[in-house]
Each structure stands twice: as structure tokens, then as C-alpha cells.
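What follows is one structure encoded as C-alpha cells, with my remarks underneath.
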Amino acid sequence: MTRPNWFIALPAEDPAWARALVRSAPASLRTFAPEDLHLTVAFLGAVSEERARAAWELADAFSLAPLTVGLERVAPMGPARRASALAALVAEGREGLIEAIRESRDLFHDRAEIERETRAPLPHLTLARIPRGASEEERDAALAWARSLEVASLSLHLERLALYSWAEDRARRLFRIVEARKL
């Protein structure tokens, strides 16, 4: 049985550029379907559905109006020597996102009865994951691909906050929106 996975995030409203961007990814990467692209507000992890839904009850505490954000560059995320993900960092609109996440994340974590996040918010859009067992050559190819991506002219629209969990069919996409509300 798959371990539960819950988070509260801002869905990227299916940016037209997403499919073309990941089409050039090395075969060893697990790329995200455009429908899976999101900016995480609060990662809840392996909590029960009841605790995830309890956190979601505080969705109104996330105070942000719909907005369009601009991207900066694609950067490796995770441990410096063994990056686990490749994500586009938010440039335009970053400060407003950071403030909204900072104001609500602890509330979501407290309600879900999990430890608070100690790292500062870093608004980003994960595009791909590097497999744990990737060889050095595969890892180097993934990082080279990330460096080659021109995302500075791209933007995405954010108009909803959503509670996510694993998708039923993870071969097609990783996540599903369980509930959502307009910003």
C-alpha cells in the first residue's frame, strides 16, 4: 500500500508551455504532467486524510488574490550533492507569495498536527524529479537539461488553492486535487 501524501498548493492553471518544456527532458527523469504543476504552500506528508482535511478547513487563512507570476530559472532542489528535483523558481510575484505562505503555513501544520517547517518559503514549480538510483551520467544529464531551459520569459496564472493527494493512476500523473477553492 502506498504511503499517504498530502499537501496544500496553488495549481498552475495548465500553462501552455509546460508540455513542450518537459518534452526535451532526459528519459531518466520523472517529469510532471502539466496538470501536476503546482506551487506548494504547506507540505503535510503522510498524515491521515482526516488530519489533511482538518488543515484544509483553514484554507481561508491563505490570503492571496489571483495573480500571474513570472519564472526566473530552473534550479536543482534538495541536497547540494544529490539534488532530487528540478524546479523553476518564481521571480515576479515572489515576495507576495512568500508573505502569504509565511502567514498560513504554520496554521496548516498545527492543524494537521505535524512539525512546523523551519525553512523559509521558496516559491517554485517542480518540473521533474531525479530518480534516487540515477547514475552520475543520468544526474549530469538532468542538471545540464535544467541549465538549458529558458524559463525567464514564462509565466503562470494562479487562481486557486487546493488540497492534493496521490493520483489514483500514478502512471499517468502523480497527484490529484481533492478539494479546491478560488483565491
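Can you list residue pairs whose Cβ atoms sit under 9 Å apart, with the first residue in the stretch 165-178 being loosely packed, with under 15 Cβ neighbours inside 10 Å and the second being at pLDDT below 85? Count only pairs 6 or more apart in sequence or on different chains.
So the pair list comes out as R170/T2.
Is at least one residue of the stretch 124-143 surrounded by fewer than 19 Cβ atoms within 10 Å (Cβ to Cβ), under 21 Å from Y164 (Cα atoms) and without any contact (Cβ under 8 Å) to a residue 40 or more places away in the chain?
Scanning the stretch 124-143 turns up no residue that is surrounded by fewer than 19 Cβ atoms within 10 Å (Cβ to Cβ), under 21 Å from Y164 (Cα atoms) and without any contact (Cβ under 8 Å) to a residue 40 or more places away in the chain.
Looking at R181, is it in contact with a helix residue (DSSP H, G or I) (Cβ under 6 Å, 6 or more places away or on another chain) and surrounded by fewer than 14 Cβ atoms within 10 Å (Cβ to Cβ)?
In short, yes.
Would you check if there is a residue in the stretch 40-48 being buried (at least 17 other Cβ atoms within 10 Å of the Cβ), within 24 Å of S153 (Cα to Cα) and in contact with a strand residue (DSSP E or B) (Cβ under 7 Å, 6 or more places away or on another chain)?
yes
Restricting attention to the stretch 93-113, does a residue exist that is in contact (Cβ under 8 Å) with a residue 40 or more places away in the chain and under 22 Å from R170 (Cα atoms)?
No, that holds for no residue.
Only one of A83, A75, A65 is touching a residue at least 24 places away in the same chain (Cβ under 8 Å), assigned to a strand (DSSP E or B) and either surrounded by fewer than 16 Cβ atoms within 10 Å (Cβ to Cβ) or among the aliphatic types (A, V, I, L, M) (or both); which?
A75
Is it the case that the stretch 45-55 has a residue that's at pLDDT 95 or above, of a type outside the set (F, W, Y), out of contact with any Asp or Glu (no Cβ under 7 Å at 6 or more places or on another chain) and part of a strand (DSSP E or B)?
Yes, the stretch 45-55 contains a residue that is at pLDDT 95 or above, of a type outside the set (F, W, Y), out of contact with any Asp or Glu (no Cβ under 7 Å at 6 or more places or on another chain) and part of a strand (DSSP E or B).
May I ask you to say which residue of A88, A112 is small (G, A, S), under 16 Å from the mean Cα position of the chain (by Cα) and at pLDDT 95 or above?
So the residue among A88, A112 that is small (G, A, S), under 16 Å from the mean Cα position of the chain (by Cα) and at pLDDT 95 or above is A88.
Taking interchain pairs and intrachain pairs at least six residues apart, which have beta carbon atoms under 7 angstrom, with the first residue in the stretch 11-27 and surrounded by 14 or more Cβ atoms within 10 Å (Cβ to Cβ) and the second acidic (D, E) and not in a helix (DSSP H, G or I)?
If the second residue must be acidic (D, E) and not in a helix (DSSP H, G or I), the pairs left are E13/E159.
Can you go through A85, A55, A112 and tell me which one is touching a Lys or Arg at 6+ places or on another chain (Cβ under 6 Å) and closer than 28 Å to A134 by Cβ?
When all the criteria are applied, what remains is A85.
The values are calculated or read from the model by the stated rules, or taken from the named source; none is laboratory data. In this text, all values refer to a predicted model and were calculated from it rather than measured experimentally. Note that each Cβ is placed from the backbone with ideal geometry, even for glycine, and that neighbours are counted across all protein chains shown.
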